[in-house]
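Visitor: Sharing a structure, written as structure tokens. Questions coming.
The values are calculated or read from the model by the stated rules, or taken from the named source; none is laboratory data. Small disclaimer: the values here were computed from a predicted structure and weren't measured. In this analysis, Cβ positions are derived from the backbone assuming ideal geometry, glycine residues included, and neighbour counts consider all displayed protein chains. In case anyone asks, the SASA skips ligands and DNA or RNA and just uses the protein heavy atoms, side chains included. Shrake-Rupley method; radii C 1.70, N 1.55, O 1.52, S 1.80 Å.
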Amino acid sequence: MGLLNQVVPARRLIDIAYDYAERIAANAPLAVFATKQSAVEGLALNLDAAYENETRHSDRVFATEYAKEGPRAFAEKRPPRWQAR
């Protein structure tokens, strides 16, 4: 399914998992939710339908202020300030 990113020794597993979790949590909450929802829904779809589903979720996210705040923060060299919408 393409969900494997890294193979690590068991003693490093928790540290690496927390690192991934922190990187995911730093993203816009709506984008994280939409990504998860698209992935879960995609399990029940064929590849073409899954891509269409992902596009619907992405279009919804890109139509929000979140999609502007990320690039704005990057250009201003600051962390993004995600506001509840």
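Visitor: Test each condition in (1) in a helix (DSSP H, G or I); (2) free of Cβ contacts under 8 Å to residues at least 12 places away in the same chain for L4 and report the one that comes out false.
Guide: Unmet for L4, out of (1) in a helix (DSSP H, G or I); (2) free of Cβ contacts under 8 Å to residues at least 12 places away in the same chain: (1).
Visitor: Which members of the stretch 17-65 meet the condition of being open to solvent by 60 Å² or more (accessible area, probe 1.4 Å), within 23 Å of P79 (Cβ to Cβ) and hydroxyl-bearing (S, T, Y)?
Guide: Those that are open to solvent by 60 Å² or more (accessible area, probe 1.4 Å), within 23 Å of P79 (Cβ to Cβ) and hydroxyl-bearing (S, T, Y): Y18, Y20, T35.
Visitor: Applying the selection to the stretch 7-16, what residues are in a loop (DSSP other than H, G, I, E, B) and surrounded by fewer than 10 Cβ atoms within 10 Å (Cβ to Cβ)?
Guide: V7, P9
Visitor: Does any residue of the stretch 13-34 turn out to be touching a Gly at 6+ places or on another chain (Cβ under 6 Å) and on the phi < 0 side of the Ramachandran plot?
Guide: Taking every residue of the stretch 13-34 in turn, none turns out to be touching a Gly at 6+ places or on another chain (Cβ under 6 Å) and on the phi < 0 side of the Ramachandran plot.
Visitor: Go through the stretch 66-85 and report how many residues are surrounded by fewer than 10 Cβ atoms within 10 Å (Cβ to Cβ) and not hydrophobic (A, V, I, L, M, F, W, C).
Guide: 6
Visitor: When the stretch 8-47 is examined, which residues are found to be closer than 18 Å to E69 by Cα and basic (K, R)?
Guide: Once the filter is applied, which keeps residues that are closer than 18 Å to E69 by Cα and basic (K, R), the stretch 8-47 yields only R23.
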